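One structure below.
The values are calculated or read from the model by the stated rules, or taken from the named source; none is laboratory data. A quick note: this is a predicted structure, and the numbers were derived from the prediction, not measured. Neighbour counts run over all protein chains shown; Cβ positions are idealised from the backbone, glycine included.
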Amino acid sequence: MSAPEPIASPQGRWRSLGAGAGALIGGRLVSAACGLAQVPIALAYLRPEGFGVWMALMGLLWSLGILDCGLGFALQNRVAGLLASGKQAESAALARRAILILVTAGGALMLIGAPVVIWGRWADWLGVTDTLLRGQIRAAVAVVLVATAAGLPLSLAPRLAAAVQQTWITGLWTAASSVTGLGAVMLAAHLGAPLAGFMIAGCVLPLGPHVLTWLQLHLRLAWLKRHREIRPDVRGLWQESGLFLMPQLGAAFIGTFVPTLIAFFAGAAAVAPYSVLQRLFGLALQIHSLLLLPVWPAYTEAFARHDMPFVRQAFRLSCWATLFCFALPAIVLVPLARPILHLWLGTNAPAVGTALLWSIAGWHVLQFGGQVIAVLLNATGRLHVLAYTNWAGIAVALALGAVWAPRFGAAGVVAGLAVPYLLLNLPVTAWQAWRILRGRSGAEPAPAFSQS
């Protein structure tokens, strides 16, 4: 089956956005429901400190996804631009080159990471006190290394699906894999598996959706299977990848790496209260991100065609939906959080302090606004703005977290992330977004469209 022609009309774009967003949100809801069901099972078996180590290592795994150095997002933009110009053969050649690069990178990671796994003082770094748990950590970290190396080339699958505006495929397989992952966690707890068993359930099985997405893309996109002797133009791709790496690193640091940061600064036991709250508030953040994901390639295509009315309309709708459907409900959730935790986890519910509760809620409200702006900047080629602000914000957040965590625990780490984001990242990126929407930025279409 061949790929559909590029979606050029506004009506076509809106239909594609609706289908993609609906499937992604549906898949993420199933994934989130399975994730919520996993928590009481894992918490009852691993106890708070073991659960905290599991979450810290999962955060490390998700954060190591940045080792693709932004290539996945750069490929998404480049392929979207090539397809808009009817260059399907070039798109296929570029995708194959990107896969080869990340397969090589995964192999190099295994060689470099093996000594770190073998000789690293992981139990001390993560602040683990339980003797039995300390003996299980090295094997769990080894699972993280293998899953990261395998996941690098596979991570290109959802990026390519987004480039051709077929994100519903990703949503479908994400839902199926989440159900399988829940079953794996239940089996690990039933069999009394060590920590490495939970790591396999949490980070190896989720690679399944990427494999299945690749297979389905090959079935649907005839041009992807054509092997013509074309040397893909990678000039500019590395520069664009580097620019994507900066905001990608920032996103990992302020999101997936937070449990690991808490373990480093405040000990593994402090991770459990943060993680269970993150499951509540983070669900809305994930849905929000997925709702915006199909908007990215639509922005890119519309910007390439100089259709600024569509860009402005999509941005306004994104802002209003974010305010009323995500930001305000996050504040309303604060007084309900503790009763929900006790209903959900029963006697295994960890104690949650007021400072941690409000810091997480406020942090998510800030991220809702940041995601709306980041999608626009990424899709319209203003990557350097996110890069510069993220580097500065990370430096300040590390310093604040190291100072505040010993006194305030997990709440100190979260507040350390939120302060530079509020005072630096959001003002600078919002100003750039305003310039783009007013036509005053001098921005050109993303580098993906500069073909020689």
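Go through (1) surrounded by fewer than 24 Cβ atoms within 10 Å (Cβ to Cβ); (2) within 13 Å of Pro297 (Cβ to Cβ); (3) basic (Lys, Arg) and name the single condition Arg96 misses.
Result: Arg96 fails condition (2) only.
Looking only at the range 99-139, count how many residues are farther than 30 Å from Thr300 by Cβ, among the hydroxyl-bearing types (Ser, Thr, Tyr) and without any contact (Cβ under 8 Å) to a residue 12 or more places away in the chain.
Residues meeting the conditions: 1.
Restricting attention to the range 128-143, does a residue exist that is under 14 Å from Leu60 (Cα atoms) and touching a Cys at 6+ places or on another chain (Cβ under 9 Å)?
Looking for residues that are under 14 Å from Leu60 (Cα atoms) and touching a Cys at 6+ places or on another chain (Cβ under 9 Å), one finds at least one in the range 128-143, hence yes.
Within the group Leu328, Leu336, Leu285, which residue is in contact (Cβ under 8 Å) with a residue 24 or more places away in the chain and either within 24 Å of Leu417 (Cα to Cα) or not β-branched (Val, Ile, Thr) (or both)?
The unique qualifying residue is Leu285.
May I ask you to say which residue of Thr170, Thr180 is in a helix (DSSP H, G or I), of a type in the set (S, T, N, Q) and surrounded by fewer than 22 Cβ atoms within 10 Å (Cβ to Cβ)?
Going through Thr170, Thr180 in turn, just one is in a helix (DSSP H, G or I), of a type in the set (S, T, N, Q) and surrounded by fewer than 22 Cβ atoms within 10 Å (Cβ to Cβ): Thr180.
Has the range 83-90 got at least one residue that is buried (at least 17 other Cβ atoms within 10 Å of the Cβ), under 20 Å from the mean Cα position of the chain (by Cα), assigned to a helix (DSSP H, G or I) and touching a residue at least 24 places away in the same chain (Cβ under 8 Å)?
No - not one qualifying residue is present in the range 83-90.
Please state which one of Leu154, Leu111, Leu133, Leu83 is in contact with a His (Cβ under 8 Å, 6 or more places away or on another chain) and among the hydrophobic types (A, V, I, L, M, F, W, C).
When all the criteria are applied, what remains is Leu154.
Taking into account only those residues within the range 118-167 that are in contact with a helix residue (DSSP H, G or I) (Cβ under 8 Å, 6 or more places away or on another chain) and among the polar types (S, T, N, Q), which is surrounded by the fewest Cβ atoms within 10 Å (Cβ to Cβ)?
Step by step, filter the range 118-167, then rank; the result is Thr129.
Filter the range 306-322 for residues that are in contact (Cβ under 8 Å) with a residue 24 or more places away in the chain and over 25 Å from Ile169 (Cβ atoms) and give the result.
If the condition is that a residue be in contact (Cβ under 8 Å) with a residue 24 or more places away in the chain and over 25 Å from Ile169 (Cβ atoms), then Asp307, Met308, Val311, Arg312, Phe315, Cys319, Thr322 are the ones that fit.
Determine whether the range 91-104 contains at least one residue that is under 30 Å from Ala193 (Cα atoms) and out of contact with any strand residue (DSSP E or B) (no Cβ under 6 Å at 6 or more places or on another chain).
no
Kindly list the number of the only condition in (1) of a type outside the set (S, T, N, Q); (2) in contact with a Leu (Cβ under 6 Å, 6 or more places away or on another chain); (3) crowded, with 18+ Cβ neighbours inside 10 Å that fails for Leu261.
Going through the list (1) of a type outside the set (S, T, N, Q); (2) in contact with a Leu (Cβ under 6 Å, 6 or more places away or on another chain); (3) crowded, with 18+ Cβ neighbours inside 10 Å, Leu261 breaks only (2).
When you look at Leu422, is it buried (at least 20 other Cβ atoms within 10 Å of the Cβ) and either more than 20 Å from the chain's Cα centre (by Cα) or part of a helix (DSSP H, G or I) (or both), yes or no?
Taking the combined requirement at face value, the residue does not satisfy it.
As an exercise: evaluate Gly381 against (1) crowded, with 19+ Cβ neighbours inside 10 Å; (2) more than 17 Å from the chain's Cα centre (by Cα); (3) in a helix (DSSP H, G or I); (4) modelled with pLDDT under 90 and give the number of the one condition it does not meet.
The failed condition is (3).
Here is a yes/no grid of residues against (1) surrounded by 21 or more Cβ atoms within 10 Å (Cβ to Cβ); (2) assigned to a helix (DSSP H, G or I); (3) at pLDDT below 90:
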{"site": "Arg235", "(1), (2), (3)": "no, no, yes"}
{"site": "Leu243", "(1), (2), (3)": "yes, yes, yes"}
{"site": "Ala272", "(1), (2), (3)": "yes, yes, no"}
{"site": "Arg279", "(1), (2), (3)": "no, yes, yes"}
{"site": "Leu285", "(1), (2), (3)": "no, yes, yes"}
{"site": "Ser289", "(1), (2), (3)": "no, yes, yes"}
{"site": "Thr300", "(1), (2), (3)": "yes, yes, yes"}
{"site": "Phe310", "(1), (2), (3)": "no, yes, yes"}
{"site": "Leu323", "(1), (2), (3)": "no, yes, no"}
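Residues are listed down the side, and each one gets a yes or a no for (1) over 23 Å from the mean Cα position of the chain (by Cα); (2) of a type in the set (D, E, K, R); (3) not in a loop (DSSP other than H, G, I, E, B):
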site: His306; (1), (2), (3): yes, no, no
site: Ala314; (1), (2), (3): no, no, yes
site: Phe326; (1), (2), (3): no, no, yes
site: Pro335; (1), (2), (3): yes, no, yes
site: Pro339; (1), (2), (3): yes, no, yes
site: Val352; (1), (2), (3): yes, no, no
site: Ser359; (1), (2), (3): no, no, yes
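Can you tell me how many residues within the range 191-208 are assigned to a helix (DSSP H, G or I), more than 23 Å from the chain's Cα centre (by Cα) and free of Cβ contacts under 8 Å to residues at least 40 places away in the same chain?
2
Evaluate the range 361-374: report whether one residue or more is part of a helix (DSSP H, G or I), over 23 Å from the mean Cα position of the chain (by Cα) and without any contact (Cβ under 8 Å) to a residue 60 or more places away in the chain.
No, because not a single residue in the range 361-374 is part of a helix (DSSP H, G or I), over 23 Å from the mean Cα position of the chain (by Cα) and without any contact (Cβ under 8 Å) to a residue 60 or more places away in the chain.
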